[in-house]
Amino acid sequence: MARIVMKFGGTSVADIKLIRNVARHVKRETDAGHEVAVVVSAMAGTTNQLIAWTQESAPLNDLREYDAVIASGEQVTAGLLALALQAEGVNARSWMGWQIPIMTDDAHGSARITGIDNTGLIKALKQGQVAVIAGFQGIASSNRIATLGRGGSDTSAVAIAAAVKANRCDIYTDVDGVYTTDPRIEPKARRLSKVAFEEMLEMASLGAKVLQVRSVELAMMHKISTFVRSSFDTPELPEILKNAPGTLICNEEEIVEQHIVTGIAFAKDEAQVSLRRLVDKPGISAAIFSALAEENINVDMIVQNVSEHGAKTDLTFTVPSSDLNKAVKILERNREDMTFESLQAEGGLSKVSIIGIGMRNHAGVAAVAFKALAEKGINIRAITTSEIKISILIDSAYTELAVRTLHSVYFLDKI
Ligand code: ASP
Ligand code: MG
């Protein structure tokens, strides 16, 4: 007997028929004798609709009320699934974030979980009752409902798994796992049977939207093996019972067959800002990036050159396209302190990244990429690397070509 957390995303609970299908997935596990906690998202499209209503009611709305509204989507699904489970003869009840409670900080709209009281849940699980938990929500110290940011029910699920010491956290979604790249761009993309936490963290941060980034951080921290699989499988098929297709996100030691490159991720809608001829002295970068951080602008790639005579240098960084105008305004306003002579800004860019823990021990991975891209005539604007990742900035028009080229040059294509 194991204790499992099962999480179902919006498309998996999009209508009542699908919710009944989810109930069958849950029943399969309880029939096998497992203790089960289920975390649910809002029905597909619901959260967007709720957000639109808050905006229509008041353009600059109070985030505490925004949370009160958008947390309601998950409440509906939790109740409906509990009902569907009861109809299947499974003992089940719904739990809202505040009833557990899942405690959060006061950052409404993108709160962080600060603690979970597991007492009630564990008691219910031990009594053989399925706990159907509304994802995405918790309660802030001010006693108000808080939500965890878009995609936050993944984080709810992993946090619950850690809190109740679950053996497994299964994330059911509309795809059957994590792929070497987006199959809509490269049909030859393969499903990965295992991905290391660190790789998944990079892939999630870089645009593979299967999991919320925070959920991967949390899984890595608490070593929660997380299995991504599809909810659209017929729950009781023998092959599903035996070995459901999916991707296990786990410790790298558990991955026997390691590849140098695991996947290619990409993010469109990037913008580049270049500041020319800055004074090369301590404190300038600090001034620039503090000013941007204060206004909540998420800076990503940062490239600074070594100045020729220790006098002036150039600095390039990227921000999401949607933040470009705001970033330029902040920089222009502080031009004196930041000391740059000119500013160039450009949108319409993409960041393509090559990810793999195997890179740590292999030379020449970057050279292979640069050569392949050069052969396709793709110009690289900026490059950044980490131990397990190489990111390049290119014009958006070449995104698909670059992704496919890199996917094949590292032999990630389906055999
Ligand atoms: N319903 C929320 C959203 O759409 C949370 C989630 O589904 O994970 O972002
Ligand atoms: Mg999601």
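The values are calculated or read from the model by the stated rules, or taken from the named source; none is laboratory data. This structure is a prediction, so every number in the text was calculated from the model and none was measured. Backbone-built Cβ (ideal geometry, glycine too); neighbour counts: all protein chains shown. Just the protein is used for accessible areas: all its heavy atoms, side chains included, with ligands, DNA and RNA removed. Shrake-Rupley method; radii C 1.70, N 1.55, O 1.52, S 1.80 Å.
Evaluate the following for Ala219: is it of a type in the set (Gly, Ala, Ser) and within 16 Å of ligand 1 (Cβ to nearest atom)? If you could, list the steps in order and put the result at the bottom.
Values: of a type in the set (Gly, Ala, Ser): yes; within 16 Å of ligand 1 (Cβ to nearest atom): yes.
It is true that Ala219 is of a type in the set (Gly, Ala, Ser) and within 16 Å of ligand 1 (Cβ to nearest atom).
When you check Ile355 against the structure, is it touching a residue at least 40 places away in the same chain (Cβ under 8 Å) and within 29 Å of the chain's Cα centre (by Cα), yes or no?
On the way: touching a residue at least 40 places away in the same chain (Cβ under 8 Å): yes; within 29 Å of the chain's Cα centre (by Cα): yes.
Yes: the conditions hold for Ile355.
Out of all the residues in segment 357-367, is one or more over 30 Å from Glu254 (Cβ atoms), touching a helix residue (DSSP H, G or I) at 6+ places or on another chain (Cβ under 7 Å) and among the hydrophobic types (A, V, I, L, M, F, W, C)?
There is no residue in segment 357-367 that is over 30 Å from Glu254 (Cβ atoms), touching a helix residue (DSSP H, G or I) at 6+ places or on another chain (Cβ under 7 Å) and among the hydrophobic types (A, V, I, L, M, F, W, C).
Can you name the residue in segment 133-169 that is within 15 Å of ligand 1 (Cβ to nearest atom) and of a type in the set (Val, Ile, Thr) and is also nearest to Ile224 (Cα to Cα) among such residues?
Only one residue fits best here, namely Val158.
Of the residues that make up segment 69-82, is at least one more than 16 Å from ligand 2 (Cβ to nearest atom), of a type in the set (D, E, K, R) and part of a helix (DSSP H, G or I)?
no
From the residues in segment 35-52 that are touching a residue at least 60 places away in the same chain (Cβ under 8 Å) and either over 24 Å from Cys169 (Cα atoms) or in contact with a strand residue (DSSP E or B) (Cβ under 7 Å, 6 or more places away or on another chain) (or both), which one is farthest from ligand 1 (Cβ to nearest atom)? Give the steps one after another, and end with the answer.
Of the residues in segment 35-52, the ones touching a residue at least 60 places away in the same chain (Cβ under 8 Å) are 35-42, 47.
Remaining after also requiring either over 24 Å from Cys169 (Cα atoms) or in contact with a strand residue (DSSP E or B) (Cβ under 7 Å, 6 or more places away or on another chain) (or both): 35-41.
Values: Glu35: 23, Val36: 19, Ala37: 16, Val38: 14, Val39: 9, Val40: 9, Ser41: 3 Å.
Among them, the one singled out is Glu35.
Do we have any residue at all in segment 170-181 that's under 15 Å from the mean Cα position of the chain (by Cα), away from ligand 1 (no atom under 16 Å from the Cβ), open to solvent by 10 Å² or more (accessible area, probe 1.4 Å) and among the acidic types (Asp, Glu)?
No, every residue in segment 170-181 fails to be under 15 Å from the mean Cα position of the chain (by Cα), away from ligand 1 (no atom under 16 Å from the Cβ), open to solvent by 10 Å² or more (accessible area, probe 1.4 Å) and among the acidic types (Asp, Glu).
Gln49 is checked against (1) under 20 Å from Ala161 (Cα atoms); (2) of a type outside the set (Phe, Trp, Tyr); (3) surrounded by fewer than 18 Cβ atoms within 10 Å (Cβ to Cβ) and fails just one. What number does that condition carry?
If we test Gln49 against (1) under 20 Å from Ala161 (Cα atoms); (2) of a type outside the set (Phe, Trp, Tyr); (3) surrounded by fewer than 18 Cβ atoms within 10 Å (Cβ to Cβ), just (1) comes out false.
Could you check segment 1-34 and list, in sequence order, the residues that are part of a strand (DSSP E or B) and either surrounded by 24 or more Cβ atoms within 10 Å (Cβ to Cβ) or touching a Gly at 6+ places or on another chain (Cβ under 7 Å) (or both)? Before the answer, list the steps.
Restricting attention to segment 1-34, the residues satisfying the condition of being part of a strand (DSSP E or B) are 3-8.
Those that are part of a strand (DSSP E or B) and either surrounded by 24 or more Cβ atoms within 10 Å (Cβ to Cβ) or touching a Gly at 6+ places or on another chain (Cβ under 7 Å) (or both): Val5, Met6, Lys7, Phe8.
Just to be sure, is Val158 away from ligand 2 (no atom under 16 Å from the Cβ), surrounded by 22 or more Cβ atoms within 10 Å (Cβ to Cβ) and under 19 Å from Gly9 (Cα atoms)? Let's see the steps before the verdict.
Details: away from ligand 2 (no atom under 16 Å from the Cβ): no; surrounded by 22 or more Cβ atoms within 10 Å (Cβ to Cβ): yes; under 19 Å from Gly9 (Cα atoms): yes.
The answer is no for Val158.
Restricting to segment 182-216, count the residues that are surrounded by fewer than 17 Cβ atoms within 10 Å (Cβ to Cβ), away from ligand 1 (no atom under 15 Å from the Cβ), touching a residue at least 12 places away in the same chain (Cβ under 8 Å) and charged (D, E, K, R).
Residues flagged as surrounded by fewer than 17 Cβ atoms within 10 Å (Cβ to Cβ), away from ligand 1 (no atom under 15 Å from the Cβ), touching a residue at least 12 places away in the same chain (Cβ under 8 Å) and charged (D, E, K, R) within segment 182-216 amount to 2.
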